[in-house]
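Visitor: Quick one: this structure, given as structure tokens, is what I'll be asking you about.
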Amino acid sequence: YRQGYSIQEIADQRGLKSVTIMSHLADLMEAGEPVDVEELLTPGHYQIIAEALQEAGDATLRPAKDLLGDAYTYDEIRLVRAMLRQSQ
């Protein structure tokens, strides 16, 4: 990621799925590693997801996903949750 590879490129190189790479990045963020989340999200999604997580809580992703609908992915929600947790 830090070398400029896309999520899909990293997944292909490691023989993993992109969802696994996104999960690893979220884990790194929660451990305090800086990751530019906005770069990985659909433009404009960060703030909307952050608001949904505040409303629904962040213990699990499903309540926020239910609020947001199909236009938002679990990967995006997971990354925003990690970013919010990192800033606390």
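The values are calculated or read from the model by the stated rules, or taken from the named source; none is laboratory data. What you see is a predicted model; the values in this text were computed from it and never measured. Cβ sites come from the backbone with ideal geometry, for glycine too, and all protein chains shown count toward neighbours. Surface accessibility is based on the protein's heavy atoms, side chains included, excluding ligands, DNA and RNA. Shrake-Rupley method; radii C 1.70, N 1.55, O 1.52, S 1.80 Å.
Visitor: Using heavy-atom solvent-accessible surface (probe 1.4 Å) with all chains present, what is the largest-first order of M22, M83?
Guide: M83, M22
Visitor: Could you give the longest part of the chain that holds none of the trypsin sites (Lys or Arg not before Pro) found in DSSP loops with at most 15 neighbouring Cβ atoms within 10 Å?
Guide: Here the longest segment lacking exposed loop sites spans 18-88.
Visitor: Follow-up question, since we're still on this one. Counting only heavy atoms of the protein chains, get the accessible area per residue of segment 1-81 (1.4 Å probe) and round it to a whole Å² value.
Guide: 61
Visitor: Output the DSSP H helices from the chain with an along-axis C-alpha extent of no less than 15 Å and a mean Kyte-Doolittle hydropathy no less than -1.0.
Guide: Correct list, ordered by number: 18-30, 45-56, 74-86.
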